[in-house]
Amino acid sequence: MTTTRQATPTRRRALIALGLACLMGGASSSLPAYALDLDQLAAQLSSVPLVHGKFVQEKHLRGLPKPLLSEGRFVLARASGLLWLMETPVKQDYRIVPTGIEQRTPDGWKAIRQQAGLAQQSRMFTAVLQGDRTALERDFTLSLGKPATGWQLDLVPKSAMLKQIFTGITITGAQYVERIEMNETQGDRTVVRMMGNSTSQPLSPQEKDDLGL
Amino acid sequence: MVSERLALRAFLLLIVVMLATAAWQWRGAAPVSANLLELLPDEMPSLVEQQAVTRIEEPLNRELLVLVGHANRDLALKLADTLQAQWAQQPIFDKVQWRFQPDLDTVRKQLLDGRLAYLPPADAAQLILDPHDFIQARASELQNPFGASSPVAAQDDWLGLSGRILKGLINPTRMQTDLGTGALVSEYDGKYWTLLRGHTRVNAFDLQVPAQAAELVRQARSQVAAGQGELLATGGMLYAAAASDQATREMSLMGSIATAGSLFLLLGSFRRWRAVMVMIPVAAGILSGVVVCVTIFGKIHVLTLVLGMSLTGVTIDYAMHYLSKSFTLRPWNVRRALALVLPGLTLSMLTSSLGYLTLAWAPFPALRQIATFSIASLAGAYLCAVCLLPPLLKGFKPAPHSHLLDVARFLVRSQRKIRRLRSYSSLALLLVLGLGGIVMLHVQDDLRQWVAPSRALQEEARQVSAITGYQPTSQFFLVTGATENEVLRRQAALSARLERARSAGGLQGYRSVDQLVSPVERQQALAAMLTTLPADALAPLAALGVSDASLRQEIDRLGALPPVTPSQALAGPLGEAWRPLWMQTPDGFAGLTSLQGRVGSADLAALGKDLPGVELVDRLGSLSELFSATRQTASWLMGAACLVMGALLGLHFGLRDGFNILAVPVTSIVLTLGVLGYIGQPLTLFVLFGLILVLTIGVDYAIFMFESISGRSTTLAGVILDAGTTLLSFGLLALSDTPAVRSFGLAVGLGITFCFLLSPWTGQHHARRATATVPARPKTL
């Protein structure tokens, strides 16, 4: 049996970010007792069960003078998952649901490549969606900071393998997650900005359908 | 008696030497092996093939695969973590792998340097045929928030070749790496299974390592079960442990029954405790058998020991022969008795040894060992019975039980009846009966006749291969060539055929180094193509903002990459899985194409046909052929032995009596085969080996009866004792769980019984000489 091949991680910069967003936005009910601040944060985030908003994702690749931009809308439903509807540069819908990360195709939702590493990542996000913070804490050291406004959560990978991929992940927000920044060991960087503009708008039938409700 | 004293001293010296040798041989680990693979023929057509087989069998011999399963993934990992920590402390393992933490920097470097060499053929073809599409796909991948990525930064590999390479490295197993822990995990049937691999320190197939490994697995199983988990384990050493457990159980059971039975017969017949001394030659026989075996082979296989235990029945006979003279020889005197039986004893030892010698000729190491053990054991027991026992039995007064003699007399009477049945027609009837069964015999020539691995272990191995998706076979292709590149080209040609076979079904997969690295020509063709890449092909990347200069630079860098050889590719972390599949040979290089999934030997041979330097190595397939060929040769050999014996007996006893004597074992053999046919037992090589022994023992009985040195009933009493002890020990083998042993025991047991029943048919030498009045009966034999 091989080790190297499977061990070679398949990174999904944005995925991790989105998964974390789910955690912050949606997965607090079953958070175990932790540092008081994290509990407070969880409570604060869980008070917002549903967010509609816009996102801007910037991929800062070292060799490019300008970041690669993608923009679109997102729907974060606390209990069921996340819809990530990219509008530019191309239209493409994604969702993170308990079964994994899926992409809309003419034939319906299809899981993205079930290959080494990915099944693992979707499992991580699934755990996150279900409020299983232990899974995250196994892979990352979490620390909470208090900037001038809102809060900042830093994740530092624990395992040697993850350290070879990320140097760290920083999540900032106030009422909900507003910005996620992932710094890769390679020097590339991804910033996701999430601008929520409604916490009261209900799920449309289409959104419900897309989230499998 | 000077010569007697001399013989005694010489023998005692021999015993001391043997005891000392044994003490030295057994000083550390017991030189006992239970490795089932050792039973297989060790002769290989070439050194390269032998090396290759060693490579392929290495994991089988030294690896213990353990799966720890739990419905909760984290708990499964936790249980495995605990187990790994415990096992790492165990001296029998040199490493217990669980987490795999590759150095990504090294992976990165290998990927970058070998972007042309490792690019899968399909991707290379797309790049060459449709560069526009290829690069457009790369551009959208960079845009895509969920696009594939690789450990290599985008700017180091604008064309995204490293990502394609990683995607293309097929994972033949179902195991996935857990990024947090580096563990290999597979989800199966609602449970998460993580894999632990224990690698033993030495290829120590002595009794200890398998037993220790089996014990560790047992403990781990209950420990994991206590955590509501489940543990599955497989590995050659577990089979070895089960085999040696079974052998030990059978050995002690059969050994003690045979010994107790023989002692009972002995004490019952001679009614003196000192009669127990006839067990001394048995002990001497076992001692010399073990010592000689370990000296010649370095160790002794458990199967040899099991079969060796059956020799007790033969070696005990040596002393029994002259003790049973006490039925007539009164007063019994050891020296006179010995003098009377010595020629017969010597002849018997020589014919039995000859029988076993035929085993030694077969091309199976296990049989050679059994033959060596038996011959050494017979010689040791014989010498002991002749040199040591007489002085020990000086003044011994056996009190032969008259009942045995009564039984013998009764038998003699009934034998007369049997003898009266002696006619060509009854012989013909028996032969027809036998032949009727022989027609029903079916032949079995595969590995199943050697061993019957425990069902539980087989089931567990099946589950492990279902969960891991890893099903190795012992079949593989050996591809040789003068240069590395030649081997690679030849493997690529073979892979093309295997790929077709895989899509047709049957073959699950295969692995060869050409899947990792392309032949030099392909690398060069790719480099040449890139330097002439149409300018507009790179437009999608330029649209993302990548500068023309850096794209130009990237193309120049790729074009200038030096070709990667298999040796270089295998040295890096990406080559780990392929490393055992490549080797240097005296004439160049060799690559192994290992196979997954069961495919018929003939189909595989057809796949490799006509490809230069490609050869199928199929140990199990060739084993069946070997079994079959050996079985046929053994049949001829038995026929030849019959003729030779017939000639010798004819010379010695006259044609007619010689024929009569030979008719006993020959008819017995026919009847034995017939019975096997009727009861549906297969005809295996081991049946034939048993029958060769029946031939030699049967001739013994017949000669003994024919000569009737001291009256027919006493002779018969001797034969009863002989046959009783032999039947006890060989017949018990028929109860063994090892098919080879059972087959052998059944053949010998049945054969001896028929020989015993038919031995009166030899007629009576003395009687005929003494009483000339017995009218010749033309119709009888």
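No value in this document is a laboratory result; all are computed from the given coordinates. Model, not experiment: these values are computed from the prediction. For neighbour counting, all protein chains shown are included, and Cβ atoms are generated from backbone atoms with ideal geometry for every residue, glycine included.
Taking label points 7 Å from Cα along the Cα-to-Cβ direction, B:Glu215 and B:Ala456 give a separation of 1.7 nm. Against chain B, whose longest principal axis comes from its Cα atoms, helix B:365-383 is set at around 30 degrees. Taking the longest Cα principal axis of chain B as reference, the axis of helix B:455-468 is set at about 10 degrees. Spatial offset of the stretch B:98-157 relative to the stretch B:737-753 amounts to 63 Å, using the alpha carbon center of each. For the protein assembly as shown, the 222 nm mean residue ellipticity estimated from helices alone, with every DSSP H stretch of n ≥ 4 adding -39500 (n - 2.57) and the total spread over all residues, rounds to -18000 deg cm²/dmol.
Overall dimensions of the stretch B:462-501, expressed as equivalent-ellipsoid semi-axes from the Cα gyration tensor (√(5λ), whole Å, largest first), are 28, 12, 8. Of interest is the spacing of the C-alpha centroids, which for the stretch B:463-540 and the stretch B:217-263 amounts to 43 Å.
Extending 7 Å from Cα along the Cβ direction at B:Asp130 and again at B:Arg335 yields two label points whose distance is 10.4 nm.
Global dimensions of chain B from alpha-carbon coordinates: Rg and Dmax equal 34.9, 124 Å. Extension gain, B:Lys609-B:Val17: 0.36 nm per intervening residue step, less the Cα-Cα distance, totals 207.5 nm.
Sorted from greatest to least, the principal axis extents spanned by the alpha carbons of the protein assembly as shown come out as 128, 63, 55 Å.
Our summary of shape: the Cα atoms of the stretch B:250-299 have principal axis extents of 42, 23, 10 Å, ordered from largest down, in whole angstrom. Placing dummy labels 7 Å off each Cα toward the beta-carbon, the span from A:Val90 to B:Arg656 is 10.4 nm. Expressed as a whole number of Å, what is the distance separating the alpha-carbon centroids of the stretch B:1-33 and the stretch B:553-616? That distance is 54 Å.
Extension gain, B:Ile679 to B:Glu141: 0.36 nm times the residue separation minus the Cα-Cα distance gives 186.7 nm. Kindly express, to the nearest 10 degrees and within the range 0 to 90, the angle between helix B:236-270's C-alpha long axis and the longest C-alpha principal axis of chain B. Tilt of helix B:236-270: around 10 degrees.
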